[in-house]
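Presented below is the structure to which this report refers.
The values are calculated or read from the model by the stated rules, or taken from the named source; none is laboratory data. Remember, predicted model here, so these are calculated numbers, not experimental data. When we count neighbours, we look across all protein chains shown, and the Cβ atoms used for this are built from the backbone with ideal geometry, even at glycine.
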Amino acid sequence: EDNSNRSFLLYIDESEEQDQRIMGYQRLATAGKVDEEKEHQARELLRNVQRVLKPIKVINPFAEYLELPQSVFKPRRTNSHYLQFINAITFYKQYQREKQYNKETGEEYIETTIEDIQEANELITEVLLRKSDTITGACRNYLEELKKYLTKENQTTFTAIEIRKRLKVKKTTQWRYHKQLLENYYIKTVQIKGEKLYRYEVINPNEYKELEEAISKSLQECITKINCSTVPNRSTSKTERLTKTKATN
């Protein structure tokens, strides 16, 4: 738990769609239909981009307008990660930014643009969503696959053995998942008259989507505040400069 609060965790995509994509790639590779030269060029491009980057200070003139959603756990640490993530995007775009100099010290620096923040928000939404979750990533994946199954089968309740067979989950693993889901009120047990087996029911099938929408709304509100504010002497992105030039012409 402590490491999860100190880091941005990335989770493996264990969906059936991802399985199909991976197996499809493996088949193409075995059949000799993958362009290996193109893959090599992509790797080299990434390496070369990193080689040409130079140390330079990044200043974010919009930082005071950036607030995390209230649903995020450990907001103090996550806030620092969020700001550093935006700085990293600006840093990678250093050749697209106007270089500026501190009037007192002469130190060279570049500034974050609204465009950088918007890109950061797009990339970080899933991470913030996970950091706002009360269950583990593996348990969340199980719950979302369970919801898909119930929707597809037009069911509102299910048995443990039914889902084990469908999702191919071990009994002990499922027991751990159900323990988390019951303790955090994501599912509840229901007794159907005439049945010996306990059935379960998802309490709110839309809770994760609602949480995602709340996070996206919160991040967008920050952008709205920035657009309504006046930040003096801010740097402009390459796109903004081109747009301004076209408007003048």
- Query: Is it fair to say Y82 is out of contact with any strand residue (DSSP E or B) (no Cβ under 9 Å at 6 or more places or on another chain) and closer than 30 Å to N141 by Cβ?
  - Reply: yes
- Qualifying residues in region 132-168 (those that are out of contact with any strand residue (DSSP E or B) (no Cβ under 7 Å at 6 or more places or on another chain) and among the hydroxyl-bearing types (S, T, Y)) - the one nearest to L219 (Cα to Cα): S132
- Message: I'm checking my understanding of the structure. Among residues of region 46-72 that are more than 27 Å from C228 (Cβ to Cβ) and either in contact with a Gly (Cβ under 7 Å, 6 or more places away or on another chain) or hydrophobic (A, V, I, L, M, F, W, C) (or both), which one is surrounded by the most Cβ atoms within 10 Å (Cβ to Cβ)?
- Response: I56
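Okay, residues lined up against (1) at pLDDT below 95; (2) farther than 20 Å from E195 by Cβ:
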| position | (1), (2) |
| --- | --- |
| I117 | no, yes |
| T125 | yes, yes |
| G137 | yes, yes |
| N141 | yes, yes |
| L150 | no, no |
| K168 | yes, yes |
| Q174 | no, no |
| Q180 | no, yes |
- When you scan region 51-76, how many residues do you find that are closer than 23 Å to Q118 by Cβ and either of a type in the set (S, T, N, Q) or touching a residue at least 12 places away in the same chain (Cβ under 8 Å) (or both)? 17
- Task: Would you mind stating whether Q96 is under 30 Å from Q220 (Cα atoms), surrounded by 11 or more Cβ atoms within 10 Å (Cβ to Cβ) and of a type in the set (S, T, N, Q)?
- Result: yes
- Run P205 past the list (1) surrounded by 13 or more Cβ atoms within 10 Å (Cβ to Cβ); (2) modelled with pLDDT of 95 or more; (3) part of a helix (DSSP H, G or I) and report the number of the one that doesn't hold. (3)
- When residues of region 84-105 are filtered for being within 13 Å of I117 (Cβ to Cβ) and touching a helix residue (DSSP H, G or I) at 6+ places or on another chain (Cβ under 6 Å), how many remain? 4
- Query: On the given criteria, is E144 over 14 Å from the mean Cα position of the chain (by Cα), touching a residue at least 60 places away in the same chain (Cβ under 8 Å) and either exposed (fewer than 13 other Cβ atoms within 10 Å of the Cβ) or not in a strand (DSSP E or B) (or both)?
  - Reply: yes
- Message: I'd like the residue in region 25-46 that is among the acidic types (D, E) and under 28 Å from the mean Cα position of the chain (by Cα) and, out of all such residues, is farthest from K93 (Cα to Cα).
- Response: E39
- How many residues are among the hydroxyl-bearing types (S, T, Y) and within 22 Å of Y92 (Cα to Cα) if we restrict to region 114-161? 1
- Note on the structure: If we ask which residues in region 170-197 are surrounded by 12 or more Cβ atoms within 10 Å (Cβ to Cβ) and either part of a loop (DSSP other than H, G, I, E, B) or more than 30 Å from the chain's Cα centre (by Cα) (or both), their number turns out to be 3
- Message: Given the criteria surrounded by 13 or more Cβ atoms within 10 Å (Cβ to Cβ) and not aromatic (F, W, Y), does L10 qualify?
- Response: no
- Query: Restricted to region 151-169, and to residues that are loosely packed, with under 14 Cβ neighbours inside 10 Å and of a type outside the set (D, E), which residue is nearest to A138 (Cα to Cα)?
  - Reply: K168
